[in-house]
Ligand code: A2H
């Protein structure tokens with residue numbers, strides 16, 4: 001980090017049912033609305049169990065390519081427009097300001113997950129000056145995602161605070177997608193347990209856990225699901241990313 005731009009894959013998560021707030025979006029009835037989740041691990045999309053937004057975070061809906069609508073932060077929309085992935089360079093057309101809390105509970109459809117829809121849930125450690133402020137959740141391989149999902153599973157008060165219904169959380173279990181020798185097929189879960197990580201706010205331990213799983217997953221991980229089952233992550237990461245981009249399911253984004 002720090003040297004040169006970071007390239008992310010933006011996973012286009014289609015909103016399946018607009019809520020009251022998004023329903024007032026002009027044109028939304030005819031234009032598909034997508035939450036644009038920034039990831040460094042496109043090969044893990046087979047394991048998505050939910051999407052994350054920061055409840056107090058500032059987001060907005062923008063006019064995207066091909067009559068689509070993109071939900072992300074102002075800052076990332078401006079960057080994306082300079083990367084020629086918006087209708088007008090340097091001038092994103094904002095349709096509506098949104099708070100992260102306006103997005104909670106939306107059902108979205110996302111590429112490669114076995115679930116036909118997953119829900120937007122609160123993640124309190126999202127930084128709005130990084131990526132798009134929307135994050136996809138892969139609790140098998142991302143310690144932050146595992147810890148935050150367990151917070152919601154284990155803490156009914158937390159669900160209540162953000163108006164999260166049980167059925168948006170409890171049916172969605174960790175999906176084994178990558179085998180890492182020595183860590184098994186749910187590496188993030190194992191590392192969180194081994195390190196006794198208590199919550200999404202356990203920042204120091206989570207940083208350590210993330211480091212460990214991230215590197216190992218890339219160098220030694222082998223996919224156990226999908227059409228690339230048996231292949232090494234390092235061999236198919238770019239292939240999977242490019243397939244999603246070609247299919248219109250993802251966009252490249254740098255900052
Ligand atoms: B990753 P880096 Cl399976 N705030 O995607 C906090 N976290 C954010 C974010 C934001 N604004 N934007 C993106 N992220 C997360 C998948 C994944 C990720 C896996 C394993 C590790 C991992 C599923 N979540 O990241 O600071 C996103 O989570 C470990 C580094 O730019 C994104 O990739 O290095 C990653 O952090 C980007 O973090």
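Any read-out appearing in this document is the output of simple, stated calculations on the displayed coordinates, not a laboratory observation. All values reported here derive from a predicted model rather than from experimental measurement. Cβ: placed from backbone, ideal geometry, glycine included. Neighbour counts: every protein chain shown.
An oblate overall shape is assigned to the stretch 167-239, the ratio a/c of its alpha-carbon gyration tensor axes (a ≥ b ≥ c) being 1.5 or greater and a/b not exceeding b/c.
Using a Förster distance of 30 Å, how high is the FRET efficiency between residue 6 and residue 193, based on the Cβ-Cβ distance and rounded to 0.05? Step by step, r from the Cβ atoms, then E = 0.50. Here the label points at residue 91 and residue 255, each 7 Å from Cα along the C-beta direction, are separated by 2.4 nm in the simple model.
Specify the inter-centroid distance of the stretch 92-145 and the stretch 32-56, based on alpha-carbon positions, in whole Å. About 5 Å separates the Cα centre of the stretch 92-145 from the one of the stretch 32-56. Extension gain for the segment residue 129 to residue 78, taken as residue separation times 0.36 nm less the Cα-Cα distance, is 17.1 nm to one decimal. Rounded to the nearest 0.05, the FRET efficiency derived from the C-beta distance between residue 166 and residue 203 at R0 = 45 Å is 0.95.
Think of it as helices only: each DSSP H run of n ≥ 4 in the chain is worth -39500 (n - 2.57), and spread over all residues that comes to -8000 deg cm²/dmol at 222 nm.
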